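Worksheet: the structure to be examined is printed underneath.
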Amino acid sequence: MKRRDFVFKSGLAAAGLAAAPGFISSCSSGPRFQISLAEWSLHRALGGKMLDNLEFPVKAKRDFGITAVEYVSSFFADYVIDQKYLAELKRISDYHGVKNLLIMVDGEGDLGEATNEGRIKVAENHIKWVDAAQFLGCHSIRVNAGGNGTPEEHSANVILGLRQLCGYAQTKGINIIVENHGGNSSNGAWLSNVIKSVKMPNIGTLPDFGNFRISDTEQYDRYKGIEELMPFAKGVSGKSYDFDKDGNETTIDFARMINIVKKSGYRGYIDVEYEGDKYTEEEGIMLTKKLLERLI
């Protein structure tokens, strides 16, 4: 059977299974919350070649005392099928006692493509990241729910695309998690309905505190959005931008956000994802980490 046929047929077969009665987070035992580091927090250093992806797990532990990491695909896209590279990345993370949690995947196309052929192609593009995630010991890859058409048309298409990808990922023990990441996906009601409609045990969300801009003129209520997405969360992104002299985030009410996360019953990792420019990346990471430690 050709790989594209397998992706399509496994997606259909898995979608036919009864949906799980609930969505289980990636960490259901141990401390209620743990802190991880999103690689995007260091995107300027990585983009400027001041830091290499292989150095990221080491820096997370050495400089910030964080022992769980979330990778971004763009920082090792040229090596995703290079088994020697992946083995070295796993060796480094294992040696330093750093847990690989997930890969945030960008640039592989819209899972909400309008045609079945297009959706299969995009699902195929993500297969290498599912395989890499499994090899590295991650629990998930984060994908984007892009697409065109009316919200209803977009929803119908992305549900099909997610089912196709989830079918393959399920055979590898990997979750497919969707972030609120612009457009319709930043509408919490729209995205939560998509997730429920996929009806697969390995589908979930990665609620991001900061990404609720639907368009240049429309902003979704971030607190409502987090409430809507948390029932399906297999990770949480503690996005931060700016801080006051007391170490509080000035653009997002972190205390309110953490309270929403707690009330949802979620147990697992909350990542540090600093995206501001007032502080250095290192300063922003530490400010975010300290705030999370105070609140969780």
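Every condition in (1) among the β-branched types (Val, Ile, Thr); (2) surrounded by 20 or more Cβ atoms within 10 Å (Cβ to Cβ); (3) more than 27 Å from GLU218 (Cα to Cα) is met by THR115 except one, and the failing one is (2).
Which of the following residues is under 22 Å from ALA233 (Cα atoms), in contact (Cβ under 8 Å) with a residue 40 or more places away in the chain and surrounded by fewer than 23 Cβ atoms within 10 Å (Cβ to Cβ): ALA132, ALA68?
That would be ALA68, the only listed residue that is under 22 Å from ALA233 (Cα atoms), in contact (Cβ under 8 Å) with a residue 40 or more places away in the chain and surrounded by fewer than 23 Cβ atoms within 10 Å (Cβ to Cβ).
For region 229-242, enumerate the residues that are surrounded by fewer than 22 Cβ atoms within 10 Å (Cβ to Cβ) and without any contact (Cβ under 8 Å) to a residue 60 or more places away in the chain.
TYR241, ASP242
Filtering region 263-283 to residues that are in a loop (DSSP other than H, G, I, E, B) and touching a strand residue (DSSP E or B) at 6+ places or on another chain (Cβ under 9 Å) leaves SER264, TYR266, ARG267, GLU275, GLY276, LYS278, TYR279. Contact map, region 94-115: first residue among the charged types (D, E, K, R), second residue part of a strand (DSSP E or B), Cβ cut-off under 7 Å, separation 6 or more or different chains; pairs are LYS99/ALA68; ASP110/GLY147; GLU113/GLY147.
Read the figures in this text as sums done on the coordinates, not as results from a lab. Remember, it's a predicted structure, so these values are computed and weren't measured experimentally. Note that we place each Cβ from the backbone using ideal geometry, even for glycine, and neighbour counts take in every protein chain shown.
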